[in-house]
Amino acid sequence: MMPSVGESGCTVRATPQVYHDLGVRVFINAAGTYTRLGGSRMAPAVVDAMAEAARCFVDVDDLQARAGDRIAALTRNDAAYVTSGAAAGLILATAACMVGTDPARAWQLPETPGLRTQIVVHRAHRNPYDYAVRTLPIHLIEIGFPNDIAPTQPWELDHVLGDQCAAVLYVAAAWTASGALPLDDVVAIAHRKGVPVIVDAAAQLPPTENLWRLTGLGADLVIFSGGKDLRGPQASGLIVGRRDLIEACRLIGAPHHGIGRPFKVGKEEMIGLLAAVQVYLEHDDEARARWAEGVVAALIDRLDGRGVRARRSFPNEAGQPLPRALVQFMGEDAGARRDRVVSYLRAGQPSVEVGVADVDGIYINPMTLDVGEEELLLPCLCTAVDAVAGDRR
Ligand SMILES: *Cc1c(COP(=O)(O)O)cnc(C)c1O
């Protein structure tokens, strides 16, 4: 079976008129699903579903409930909610754990009397996306150290879980520091004290099974980005989990007034995310990984020895089980040559974006390439590496 994610005919060989008119550069994205680089590309079926959704008026509350139920059934969860991104999902999920399903309490926020306001997080998990949670009137209670000298002990978590505790925030990503407790331990300890666990799993797809595996481990609310590998609308996200807490998200979220009103989700995004989940569930993780391995092997074969060292790097930055190629420059001006290659690729025709690795390397990530797009990418990389190697002489 061919990898359906990535063979959607999304490769663009000429600048689309809409971007041309504005003088905005388009590029081959060999870096990954970064919001600042446009995130991901929707499959044509998703774009079509959104266009269809755009043609009619609907009751948005009703659509959110029905789309959520359909997504929940598809992803083997009790309930689901479409948000305007994973970061918005972090705010709604946290607020939901603070207020529960009482509308009076939902509308009470941002006033906190009577609400639980503590959110527990491992120091190892602190990251820039937790700004989302910190915009709420909460107190962040940090536990453990972000290293392995003294890994967080179960009693450290148990100790801070009191009756002021609204939730534990757990971050699932490969770039977090070490020292955190495993998720299943966190769930067991938190649940003994009646405290729900929210998992930020924004970039934890693939593997597809994470859509149900993390809730299966007992996490109460799990948040995914709709605009990363799911390849839904760029400004969408998904919360799956416990039905009462998802109901609380609904109460807090748009179109209802309250602190969730700014995180509006359109009918187009709800339908688009549902379509994206359907497409995603049809794709074959293994076939796609085999394709990505082939791309990385070809990259290494063509680049290694051209004055650079090229090798396979696995898993990728977010911890997704897909390989990248790591190309390293050598010698004392390695950092400068790396920077020149990045600029050269950016200025090229077609333009290419890659990831940077430490001070002297670049990562080439196949996950945002379309099948066949590697044929456009390879010559760009070879030319850039040769040009910069030539600079040296
Ligand atoms: C990308 C990411 C987010 C934010 O996701 P958006 O859908 O862009 O809002 C949050 N948390 C983590 C760990 C992420 O990787």
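The values are calculated or read from the model by the stated rules, or taken from the named source; none is laboratory data. Treat the numbers as computed from the prediction; the structure is a model and nothing was measured. Here the Cβ positions follow ideal geometry from the backbone for every residue, glycine too, while neighbour counts run over all protein chains shown. Side chains are part of the model used for accessible areas, which takes the heavy atoms of the whole protein and leaves out ligands, DNA and RNA. Shrake-Rupley method; radii C 1.70, N 1.55, O 1.52, S 1.80 Å.
Just name the residue that is farthest from Leu37 (Cα to Cα) out of those in segment 232-251 that are within 12 Å of the ligand (Cβ to nearest atom) and touching a helix residue (DSSP H, G or I) at 6+ places or on another chain (Cβ under 6 Å). Step through it out loud before you land on a result.
Initially, segment 232-251 is screened for residues within 12 Å of the ligand (Cβ to nearest atom), giving 232-239.
The next check asks that each one be touching a helix residue (DSSP H, G or I) at 6+ places or on another chain (Cβ under 6 Å); those that pass are 232-233, 236-237, 239.
On the way: Gly232: 15, Pro233: 14, Ser236: 16, Gly237: 17, Ile239: 24 Å.
Only one residue tops the list, namely Ile239.
I'd like the residue in segment 23-49 that is closer than 10 Å to Glu353 by Cα and not hydrophobic (A, V, I, L, M, F, W, C) and, out of all such residues, is most open to solvent (accessible area, probe 1.4 Å).
Asn29
Among the residues of segment 80-97, write down those that are within 13 Å of the ligand (Cβ to nearest atom) and more than 13 Å from Ser225 (Cα to Cα). Break it down into steps so the answer makes sense when it comes.
Keep residues of segment 80-97 that are within 13 Å of the ligand (Cβ to nearest atom), which gives 82-94.
Answer for segment 80-97, where residues must be within 13 Å of the ligand (Cβ to nearest atom) and more than 13 Å from Ser225 (Cα to Cα): Ile91, Leu92, Ala93, Thr94.
Looking at (1) farther than 29 Å from Ala45 by Cβ; (2) outside any helix (DSSP H, G or I); (3) away from the ligand (no atom under 11 Å from the Cβ), which one does Thr176 not meet, given that it meets all the others?
(3)
When segment 193-206 is examined, which residues are found to be away from the ligand (no atom under 16 Å from the Cβ), touching a residue at least 40 places away in the same chain (Cβ under 8 Å) and more than 16 Å from Ala96 (Cβ to Cβ)?
Taking segment 193-206 as the starting set, the residues that turn out to be away from the ligand (no atom under 16 Å from the Cβ) are 193-196.
Filter once more, keeping what is touching a residue at least 40 places away in the same chain (Cβ under 8 Å): 195-196.
None; the set is empty.
With a cut-off of at least 1 residues that are in contact (Cβ under 8 Å) with a residue 60 or more places away in the chain, buried (at least 21 other Cβ atoms within 10 Å of the Cβ) and touching a Leu at 6+ places or on another chain (Cβ under 8 Å), name the helices (runs of 4 or more DSSP H) lying wholly within segment 64-142. Before the answer, list the steps.
Numbers: elements: 86-99, 103-108, 131-134.
Hits in segment 64-142: 86-99, 103-108.
With the requirement that a residue be small (Gly, Ala, Ser) and modelled with pLDDT under 95, what does segment 89-113 give you?
Matches in segment 89-113: Gly100, Ala104, Ala106.
If Leu251 satisfies all but one of (1) open to solvent by 10 Å² or more (accessible area, probe 1.4 Å); (2) over 23 Å from Asn316 (Cβ atoms); (3) in contact (Cβ under 8 Å) with a residue 60 or more places away in the chain; (4) part of a loop (DSSP other than H, G, I, E, B), what's the number of the condition it fails?
Unmet for Leu251, out of (1) open to solvent by 10 Å² or more (accessible area, probe 1.4 Å); (2) over 23 Å from Asn316 (Cβ atoms); (3) in contact (Cβ under 8 Å) with a residue 60 or more places away in the chain; (4) part of a loop (DSSP other than H, G, I, E, B): (4).
Contact list please: Cβ distance under 6 Å, first residue in segment 171-183 and more than 15 Å from Phe224 (Cα to Cα), second residue part of a strand (DSSP E or B), pairs at least six apart or on different chains.
Qualifying pairs under 6 Å: Ala180/His122; Leu183/Tyr170.
Condition (residue is closer than 22 Å to Gly89 by Cα, in contact with a helix residue (DSSP H, G or I) (Cβ under 8 Å, 6 or more places away or on another chain) and buried (at least 18 other Cβ atoms within 10 Å of the Cβ)) applied to segment 150-166: is it met by at least one residue?
Looking for residues that are closer than 22 Å to Gly89 by Cα, in contact with a helix residue (DSSP H, G or I) (Cβ under 8 Å, 6 or more places away or on another chain) and buried (at least 18 other Cβ atoms within 10 Å of the Cβ), one finds at least one in segment 150-166, hence yes.
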